[in-house]
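Student: Before we start, here is the structure in question, set down as structure tokens.
Only the coordinates and a few stated rules stand behind these numbers; no lab work does. Just so we're clear, the structure is a prediction, and the values are computed from it rather than from any experiment. Methodologically, a virtual Cβ is constructed for each residue, glycine included, from the backbone with ideal geometry; neighbour enumeration extends over all protein chains shown.
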Amino acid sequence: MNVPKDMDLIALLSGFILDKDDDTPLRLSEQENALKDLSCSDESLGVWIEKWDFPFLIETLMLDDAVFSQEFPGVRTTAEERKDLANALEAHCETCPRCHRKRSYDLEWQSRVNRTLAENKKIIGDAITHARGKNKRG
């Protein structure tokens with residue numbers, strides 16, 4: 001794949017994913033439709049899973065206190081409270097068909113992105129380096 005000098009990282013990743021699997025937009029649409037047919041068994045937990053990418057959510061909740069408070073200075077919660085929420089979300093996904101499926105879709109997407117990053121490490125690294133240089137000048 002030829003990479004234009006001004007291509008942003010998201011467009012670059014999207015291009016690599018679509019080159020590898022051109023039915024991605026259809027798959028994502030089908031996944032969205034499948035989720036519409038299912039209801040959540042606990043909306044207080046399901047709202048978290050609906051709103052956020054599951055791996056990102058869990059990784060964020062598992063940050064240590066110093067990093068979490070630096071990234072989210074207005075949020076007052078302890079590592080133990082965040083861990084309890086992460087455990088509750090995981091347990092909920094085991095019993096709720098909708099959230100189980102959403103978590104599966106999110107994990108599958110994370111796997112695709114990670115594979116794309118690994119397979120195109122050099123080009124993506126060059127794009128990041130180029131973008132950093134452009135941002136420092138701009």
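Student: In terms of modelled amide H atoms, which long-range or inter-chain residues lie less than 5 Å from the amide H of S41?
Tutor: The answer is R98, C99.
Student: Counting only the backbone N, which residues of the range 36-72 are under 13 Å from the spot 7 Å out from the Cα of N114 toward its beta-carbon?
Tutor: 55-56, 59
Student: Of all the stretches in the chain, which is the longest one without any exposed loop site, taking trypsin sites (Lys or Arg not before Pro) in a DSSP loop (any state but H, G, I, E, B) with at most 16 other Cβ atoms within 10 Å? Please report the intermediate quantities before stating the final value.
Tutor: Details: sites that count: K5, R76.
Of all site-free stretches, the longest is 6-75.
Student: Give the calculated FRET efficiency between E94 and D37 to the nearest 0.05, with a Förster radius of 22 Å applied to their Cβ-Cβ distance.
Tutor: Values: r = 20 Å, r/R0 = 0.90.
According to the calculation, E is roughly 0.65.
Student: Same structure, new question: Per-residue HN-Hα couplings for the range 61-68, Karplus 6.51 cos²θ - 1.76 cosθ + 1.60 at θ = phi - 60°, whole Hz, x for Gly and Pro?
Tutor: Calculated HN-Hα couplings, in order: 5, 8, 4, 6, 4, 4, 5, 4 Hz.
Student: At a Cα cut-off below 16 Å, give the aspartates and glutamates reachable from K121, other chains included and same-chain residues fewer than 8 away excluded.
Tutor: In chain and number order, the partners are D8, D19.
Student: Follow-up question, since we're still on this one. Using θ = phi - 60° and the Karplus form 6.51 cos²θ - 1.76 cosθ + 1.60, what ³J(HN,Hα) does each residue of the range 18-29 get, whole Hz, x for Gly and Pro?
Tutor: 5, 4, 7, 8, 6, 8, 3, x, 5, 4, 5, 5
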